[in-house]
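Enquirer: What follows is a structure written as structure tokens; I'll ask about it next.
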Amino acid sequence: MQHATRFQMTRRKLLRRAAALATFGPLFKATERVANAQTKSINPYSAPSKLRITDVRACRIASNYDYPIIKIYTNQDVYGLGEVRDAGVEGLALVLKPHIVGQDPLRIEPLLDRIRKFANHRRTGGGYSAIDIALHDIAGKVYGVPVWRLIGSKYRDRIRIYCDTTESKDPKVYAERMKKRKEMGFTFFKMDLGTQLVSHIPGAVDYRGVATEKGLKLLCEFIQAVRDAIGWDMPLAADHFGPLELNDAIRYARAFEPYQLAWAEDMIQVGHLGQGGDAPLNWRAYKDLCDATVTPIATGESLFGLEEGFKAFIDNRAIDVVHPDPLTAGGVRETKRIADYAVMHGIRTALHFAGSPVGCMACVHVAATLKDLLALENHAVDIPWWDDLVTGVSKPIVNKGFIEVPDNVGLGVELNDDVVKQHLRVPGYFEPTPEFDKYIIDDFRRGGPYPHLNEEGKLVVDW
Ligand SMILES: [Mg+2]
């Protein structure tokens, strides 16, 4: 309980504070600021209150992927919701708890600076990202504004959504499924083109699981079938090509050129060591790929941070489209930085997303502020209870292929406790997390207690 000790107050200070609270406290309570904001009295200044983070808790929803949801609590009832990247675990955020408890949640960037060194690519960007989202939810509620207004201006009132579609080894069936998406109102499409679509055909796939020339022609027949179904006036992207090396990727991308894809995604795996390369340092391979084809090339769903992940790709024009997932890339603030930097270099942004409506709305807020947005992904359009996980937003959340940008405070969404509790992966619903009170991960830490001089020059042993 180091943080508790650190903020111990003397009896005199406590009495002084109690007297002040009795006089002014109600004026400064964050919860009341929300109410004030709803009657148009928005205070543009940093909160004069003593708003402090008191706790971080979590639950994990079992869905198409696991959705780890976190809640950051404060001493004034107002709380923030955040989400770790799909298929991640809540511990990625909870280990950061002692770094933020006792701090002012409205000092968003200084707080994020403290924890940035613990974030990395793939799911390990999820803890930082969840905390970023929850802090913006709190700040939005306290200042009475939607999250999008905390990070920029609104470029659009609704966000174009694209979604994945279940594959079929029969091109006609696959195309029919895509056509149904179009009938649902979608105006942007993406298809997966894994070699499992053709691996049952002799000579279509080599010993590495990569399509041969014969296999590639067959994969193109799938694209042609989908094009026939949705038309040429609809953007169509493609993903999930398997373990391609650079020369394979060039061969694929050139074969796809006649179909004018919106982008080919993650042709070379990034963000991890091992098979597929050690990107993000591998921007050079993407540069070679980009230079070798007119098929637009996208990557980024596994990258964290502008400086750590995206900058080299953008500076070197190694991709045509950045594709960050705000739940990995660093939350709403960092994703905005990445997209703004990309657009300065003439590179467009699409957003990857595969989590709950909480994270989805975080993405919607970022998407609203981006100058040049292609579309935002949604992986849950076939899950019947996905919308029911939350309240506060207009439903269906994905309405005829678009999501409305909310103007209510914070993320504009609250959990529907009863429904979430029906879909928990692991027992426990925002239970106390004392096991994360102490520092589990840190950089340099002096420890303590240690002797020092207090304000009166007296030697004390304390924190
Ligand atoms: Mg992808």
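Enquirer: In this structure, does residue 375 turn out to be part of a loop (DSSP other than H, G, I, E, B) and touching a strand residue (DSSP E or B) at 6+ places or on another chain (Cβ under 9 Å)?
Expert: No.
Enquirer: Here is a further query. For the stretch 244-259, check the following and say yes or no: at least one residue is closer than 22 Å to residue 295 by Cβ, basic (Lys, Arg) and outside any helix (DSSP H, G or I).
Expert: No, the stretch 244-259 contains no residue that is closer than 22 Å to residue 295 by Cβ, basic (Lys, Arg) and outside any helix (DSSP H, G or I).
Enquirer: Among the residues of the stretch 429-463, which ones are of a type in the set (A, V, I, L, M), surrounded by 10 or more Cβ atoms within 10 Å (Cβ to Cβ) and outside the structural domain of residue 73 (by TED's automatic domain parsing)?
Expert: Matches in the stretch 429-463: 460 only.
Enquirer: Same structure again: Quick check: anything in the stretch 146-161 buried (at least 20 other Cβ atoms within 10 Å of the Cβ) and over 22 Å from the mean Cα position of the chain (by Cα)?
Expert: Checking the stretch 146-161: not a single residue is buried (at least 20 other Cβ atoms within 10 Å of the Cβ) and over 22 Å from the mean Cα position of the chain (by Cα).
Enquirer: Out of curiosity, is residue 190 at pLDDT 95 or above, under 25 Å from residue 166 (Cα atoms), within 16 Å of the ligand (Cβ to nearest atom) and of a type in the set (Lys, Arg)?
Expert: Here the answer is yes, as residue 190 does meet what is asked.
Enquirer: Of the numbered conditions (1) within 15 Å of the ligand (Cβ to nearest atom); (2) of a type in the set (Asp, Glu); (3) farther than 26 Å from residue 158 by Cα; (4) modelled with pLDDT of 95 or more, residue 266 fails exactly one; give the number of that condition.
Expert: (4)
Enquirer: Still on this structure, please answer the following. Looking at the stretch 391-408 only, could you name the residues that are out of contact with any helix residue (DSSP H, G or I) (no Cβ under 8 Å at 6 or more places or on another chain) and without any contact (Cβ under 8 Å) to a residue 24 or more places away in the chain?
Expert: 392, 394
Enquirer: Given the conditions (1) assigned to a helix (DSSP H, G or I); (2) crowded, with 19+ Cβ neighbours inside 10 Å, and given that residue 179 satisfies all but one, which numbered condition is not satisfied?
Expert: (2)
Enquirer: If you check 318, 329, 292, 312, which single one turns out to be surrounded by 21 or more Cβ atoms within 10 Å (Cβ to Cβ) and out of contact with any Cys (no Cβ under 8 Å at 6 or more places or on another chain)?
Expert: Numbers: 318 fails: out of contact with any Cys (no Cβ under 8 Å at 6 or more places or on another chain); 292 fails: surrounded by 21 or more Cβ atoms within 10 Å (Cβ to Cβ); 312 fails: surrounded by 21 or more Cβ atoms within 10 Å (Cβ to Cβ).
Criteria check complete, one pass: 329.
Enquirer: For residue 388, which of the numbered conditions (1) surrounded by 10 or more Cβ atoms within 10 Å (Cβ to Cβ); (2) assigned to a loop (DSSP other than H, G, I, E, B); (3) of a type outside the set (A, V, I, L, M); (4) outside the structural domain of residue 92 (by TED's automatic domain parsing) fails to hold?
Expert: In the conditions (1) surrounded by 10 or more Cβ atoms within 10 Å (Cβ to Cβ); (2) assigned to a loop (DSSP other than H, G, I, E, B); (3) of a type outside the set (A, V, I, L, M); (4) outside the structural domain of residue 92 (by TED's automatic domain parsing), residue 388 misses (2) alone.
Enquirer: Same structure again: When residue 376 is evaluated against the numbered criteria (1) surrounded by fewer than 16 Cβ atoms within 10 Å (Cβ to Cβ); (2) within 12 Å of the chain's Cα centre (by Cα), which criterion, by number, is the only one it fails?
Expert: (1)
Enquirer: Can you name the residue in the stretch 214-247 that is farther than 25 Å from residue 374 by Cβ and either of a type in the set (Asp, Glu) or within 16 Å of the ligand (Cβ to nearest atom) (or both) and, of all such residues, is surrounded by the most Cβ atoms within 10 Å (Cβ to Cβ)?
Expert: Looking at the filtered set, the residue picked out is 245.
Enquirer: When the stretch 337-363 is examined, which residues are found to be touching a Leu at 6+ places or on another chain (Cβ under 7 Å) and assigned to a helix (DSSP H, G or I)?
Expert: Matches in the stretch 337-363: 337, 338, 339, 341, 357, 358, 359, 361, 362, 363.
Enquirer: For the stretch 184-198, does any single residue satisfy the condition of being aromatic (Phe, Trp, Tyr) and in a loop (DSSP other than H, G, I, E, B)?
Expert: Checked the stretch 184-198: at least one residue is aromatic (Phe, Trp, Tyr) and in a loop (DSSP other than H, G, I, E, B).
Enquirer: Moving on. Restricting attention to the stretch 123-136, does a residue exist that is assigned to a strand (DSSP E or B), modelled with pLDDT of 95 or more and not hydroxyl-bearing (Ser, Thr, Tyr)?
Expert: no
Enquirer: Something else: If the Cβ limit is 6 Å and pairs must be 6+ apart or interchain, which residue in the stretch 230-255 that is under 17 Å from residue 171 (Cβ atoms) pairs with which residue that is among the basic types (Lys, Arg) and more than 15 Å from the ligand (Cβ to nearest atom)?
Expert: From the stretch 230-255, the pairs are 230/182.
The values are calculated or read from the model by the stated rules, or taken from the named source; none is laboratory data. Everything numeric here is computed off the predicted structure, so don't read it as measured data. Virtual Cβ from ideal backbone geometry, glycine too; neighbours counted across all protein chains shown.
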